[in-house]
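Notes follow once the structure below has been shown.
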C-alpha cells in the first residue's frame, strides 16, 4: 500500500517509532512556499495547539522566523499547550516563548471570538491535528471560527493534516435536535474527512449560521489518500495518548454517556472501561487525579472491567464502531435506565440506539440501522473530498 506506514508504540510517556514507508505524507504546514505568499503584508492569527508542528518546530515559531506578522493565537479545548482537561475553561494568556497573545475560546464567556479579537487580524491560519470524530471538538471550534471569519470578511487558510480515522465512515448522522458542544454538524460519528475537506463541505452545504460562507484556502497534504493508515507523531489531547486510544475512541467514548469509567485518570484512557459493581471481571483500575483528568469519573474508586489495550488494530479497523463493549457493560451492571445519562444522546446523535440496547438488540442489529445514513453521507460528501478514496 502506498502512503505512510508508521508503527507507533507507547513506552511509558515516550513514543518510539519504527517506520517503514514508500512515500512520506507531506503536511499542509510543511509546504511553506504554497502559503507564505498569501500572508504578505497581512496581520496573521493562528488557530493551533501543541500538534501544529513542522518537524521539530512549531508553526508559530516558523512563521516568526520567516518575519511574518503574527498578532494572535486562538487556542482550542485543552489549551495551546494541550494539557487542560476536556471542556476546562482556559483563560487568555501570552505565549511565554514568543510573547504572542493567546486568545482562548474556552474562557467561560463565549465559544466564538469577540469583535475586538476579529479586528486584530486579516487572515487566520488553521493548523491542528483532528482525529475525525463528530464529538472531537477541534472541528467545532474551526466551524465557529469560519462563521466569525465569514461575518467579518476574514480569510482562513487551512494547513491540512491526515485524518487517522479517515479510512472509514460509521455511525448515525446527528439528529440536529441533539446539536451541542460535542456534535455540531449533521454528519456521522466517524466522518472520514480531513479538516480541509470538512470545511469545504460546511461551505458547500450551507451549514454556517444564516447561510454564511467563509473564504477558505486549503493547502492539501501530499501523498495522502483515504486508504492511508496514518499514525500520529504527537498525542492530540491528554486522554488520547497513543494510536490504540485513537482507534478505540469511536467506540469507547460512548461510555462518557453512562455510569461507566473509560479510564480517564489512569495510564490507559479510552483503552479500558469498568465500574465498581461490574461482575466477573479479572481486570481492575482506580481512576486518580492526573494532568488532563483532574477530576475523572469514579475517582478513587476501584473499578472492575475490561482492558482493550491488547486488541489488535486490525480487529478494531474491521469492526469500526463496536457497540458490543457498551452492551456487555449494560447487561453486566443490570441497572436499567440508571445506566445511561442524557449525555449519551449528544454523543451518539440519535435516540434510537439507547432504546435498541434497552430492548436487548445486538450490536450487529443496531449497527445495521444506521447503514443508510452511512451510504447517504458518503454520497453527499463526495464532491468535497480532496483526496482519493
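The values are calculated or read from the model by the stated rules, or taken from the named source; none is laboratory data. Small disclaimer: the values here were computed from a predicted structure and weren't measured. Positions of Cβ are generated from backbone atoms using ideal geometry, with glycine treated the same way; all protein chains shown enter the neighbour counts.
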Being at pLDDT 95 or above, in a helix (DSSP H, G or I) and either over 30 Å from residue 368 (Cβ atoms) or touching a strand residue (DSSP E or B) at 6+ places or on another chain (Cβ under 9 Å) (or both) is the requirement here; does residue 241 meet it? no
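Considering each of 318, 314, 310 in turn, give the residue that is farther than 21 Å from residue 190 by Cα, out of contact with any strand residue (DSSP E or B) (no Cβ under 7 Å at 6 or more places or on another chain) and surrounded by fewer than 19 Cβ atoms within 10 Å (Cβ to Cβ).
When all the criteria are applied, what remains is 310.
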Does residue 330 satisfy the criteria of being assigned to a helix (DSSP H, G or I), in contact with a strand residue (DSSP E or B) (Cβ under 7 Å, 6 or more places away or on another chain) and surrounded by 16 or more Cβ atoms within 10 Å (Cβ to Cβ)? no
Apart from one, (1) within 30 Å of residue 150 (Cβ to Cβ); (2) outside the structural domain of residue 32 (by TED's automatic domain parsing) all hold for residue 280; the odd one out is (1)
Selection within the stretch 193-215 - out of contact with any strand residue (DSSP E or B) (no Cβ under 9 Å at 6 or more places or on another chain) and in a loop (DSSP other than H, G, I, E, B): 193, 205, 206, 207, 208, 212, 213
Quick check: is even one residue across the stretch 26-33 modelled with pLDDT of 90 or more and loosely packed, with under 12 Cβ neighbours inside 10 Å? yes
Please determine, by comparing only the residues of the stretch 157-179 that are free of Cβ contacts under 8 Å to residues at least 24 places away in the same chain and assigned to a helix (DSSP H, G or I), which one is surrounded by the most Cβ atoms within 10 Å (Cβ to Cβ). 176
Residue 365 vs (1) in contact (Cβ under 8 Å) with a residue 60 or more places away in the chain; (2) part of a helix (DSSP H, G or I); (3) more than 24 Å from residue 283 (Cβ to Cβ): all pass except (1)
From 200, 196, 204, residue being in contact (Cβ under 8 Å) with a residue 60 or more places away in the chain and within 16 Å of residue 48 (Cβ to Cβ): 196
Is it fair to say residue 374 is over 21 Å from residue 244 (Cα atoms), out of contact with any helix residue (DSSP H, G or I) (no Cβ under 8 Å at 6 or more places or on another chain), outside any strand (DSSP E or B) and touching a residue at least 40 places away in the same chain (Cβ under 8 Å)? yes
Checked the stretch 333-345 for anything at pLDDT 95 or above and either part of a helix (DSSP H, G or I) or surrounded by fewer than 17 Cβ atoms within 10 Å (Cβ to Cβ) (or both); matches are 333, 334, 335, 338, 341, 342, 343, 344, 345
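A quick yes/no check of all residues on (1) modelled with pLDDT under 80; (2) buried (at least 18 other Cβ atoms within 10 Å of the Cβ); (3) in contact with a helix residue (DSSP H, G or I) (Cβ under 9 Å, 6 or more places away or on another chain):
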| residue | (1), (2), (3) |
| --- | --- |
| 44 | no, yes, yes |
| 55 | no, no, yes |
| 59 | no, yes, yes |
| 69 | no, no, yes |
| 79 | yes, yes, no |
| 89 | yes, no, no |
| 94 | no, no, no |
| 105 | yes, yes, yes |
Does the stretch 264-300 hold any residues that are assigned to a loop (DSSP other than H, G, I, E, B), surrounded by 19 or more Cβ atoms within 10 Å (Cβ to Cβ) and modelled with pLDDT under 95, and which are they? 292
Exactly one condition in (1) in contact with a helix residue (DSSP H, G or I) (Cβ under 7 Å, 6 or more places away or on another chain); (2) in a strand (DSSP E or B) is false for residue 304; which is it? (1)
